1. When you scan the range 225-244, do you find a residue that is closer than 26 Å to PRO168 by Cα, outside any loop (DSSP other than H, G, I, E, B) and touching a strand residue (DSSP E or B) at 6+ places or on another chain (Cβ under 6 Å), even just one?
2. Here is a list: GLU244, GLU253. Which entry is without any contact (Cβ under 8 Å) to a residue 24 or more places away in the chain, surrounded by fewer than 14 Cβ atoms within 10 Å (Cβ to Cβ) and under 15 Å from ILE192 (Cα atoms)?
3. Can you pull out the residues in the range 262-305 that are surrounded by 17 or more Cβ atoms within 10 Å (Cβ to Cβ) and of a type in the set (D, E, K, R)?
4. Considering only residues that are in contact with a strand residue (DSSP E or B) (Cβ under 9 Å, 6 or more places away or on another chain) and either assigned to a helix (DSSP H, G or I) or not hydrophobic (A, V, I, L, M, F, W, C) (or both), which ones fall in the range 70-96?
5. Please work out which residue is farthest from SER128 (Cα to Cα), limiting yourself to the range 162-213 and to residues that are aromatic (Phe, Trp, Tyr) and surrounded by fewer than 17 Cβ atoms within 10 Å (Cβ to Cβ).
6. In the range 219-232, is there at least one residue being among the polar types (S, T, N, Q), in contact with a helix residue (DSSP H, G or I) (Cβ under 9 Å, 6 or more places away or on another chain) and crowded, with 16+ Cβ neighbours inside 10 Å?
7. Give me the pairs: first residue in the range 36-56 and without any contact (Cβ under 8 Å) to a residue 40 or more places away in the chain, second residue of a type in the set (Ser, Thr, Tyr), beta-carbon distance under 7 Å, and six or more apart or on different chains, which are they?
8. Could we say that THR28 is touching a His at 6+ places or on another chain (Cβ under 7 Å), closer than 25 Å to GLY109 by Cα and either without any contact (Cβ under 8 Å) to a residue 60 or more places away in the chain or part of a strand (DSSP E or B) (or both) here?
Amino acid sequence: MKAGTNLEKVLESGRFAVTAEAGPPKGTSARVILRKAELLRPCCDAVNVTDNQTAIVRMSSLAGCVLLKQQDVDPVMQMVARDRNRIAIQSDVLGAVALGIGNILCLSGDHQQFGNHPSAKNVFDIDSIQLIQTLKNMRDEKKFICGEDVSGEVSIYIGAAANPFADPFEFRVTRLAKKVKAGADFIQTQAIYDIAKFRKWMEMVRDRGLDEQVHILAGVIPIRSVGMARYMRDYVAGVSVPDEIIKRMEEAEDAKVEGVRIPLEIIEQLKEIPGVHGIHIMAVGWEDIVPEIVEAAGLLPRPVL
């Protein structure tokens, strides 16, 4: 496949990639996205725009990606299966490609009961693995799900998510393998604090040769407070926060400083794990810290390809 998006060029050239997230606003202000674009452009190879994350209504991922694109930031459009049927999904993909968006991350989506419209009907016409397969068929076979032809090129770099820590742990790599087989080009993982467990997961990934078939970007979340650390440990499904991390945050003189030091230590270890091809920084509502983390991790300047 010829190189297309900046993220694709960085990963396919064998360089260690850096991606981050720009959460869209609960409103119409383009300035929110434009400011985040300005902040993240120098330190990231691509930037995700979340798709009504945690089932809370926000500006659409498609609109946010167009705004990033206008600021010369390579956008990753997140797309959840929760809210759209196969007609709307394929329509949005065509629109995204027409607007110059080349990276799409396929997700199931958080259940609506966790959001601000808990009585909304979900759709889940197709699941995240079928969503990956749909995009691959549109790109490679130039076919819609119904079998009709797609007119024009569908140049997309297909992403998916992986959770190395959810139970049952042994099934995690099997699920990853299904996403790779369906057509995922890159993977962004859930946040990593339990580095020993992640190393074990990566061993299982390498044993199946999956690291040679897909690019894995390890998820990193800076911690703003001890309360945030406890919340992730107790309430965020699939995030494993060891007690030692909680203890460090509790005993820290400055929790924010410690909350940056921890992910920096994790990044140093991630860089040494075979098969890890980059990091994905999820600084939700704290995007200002991303440039500091990337610089302190020795990951600047970013490649210009």
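1. no
2. Just a single option satisfies the conditions, and that option is GLU244.
3. Within the range 262-305, GLU287, ARG302 qualify.
4. If the condition is that a residue be in contact with a strand residue (DSSP E or B) (Cβ under 9 Å, 6 or more places away or on another chain) and either assigned to a helix (DSSP H, G or I) or not hydrophobic (A, V, I, L, M, F, W, C) (or both), then ASP74, PRO75, GLN78, ARG82, ILE89, ASP92, VAL93, ALA96 are the ones that fit.
5. For the range 162-213, the residue satisfying everything is PHE169.
6. Taking every residue of the range 219-232 in turn, none turns out to be among the polar types (S, T, N, Q), in contact with a helix residue (DSSP H, G or I) (Cβ under 9 Å, 6 or more places away or on another chain) and crowded, with 16+ Cβ neighbours inside 10 Å.
7. VAL47/THR19; VAL49/SER61; THR50/SER61
8. No.
The values are calculated or read from the model by the stated rules, or taken from the named source; none is laboratory data. Since the model is a prediction, treat every value here as computed from it, not as a measurement. Because the Cβ atoms are built from the backbone with ideal geometry, glycine has one as well, and the counts that use them run over all protein chains shown.
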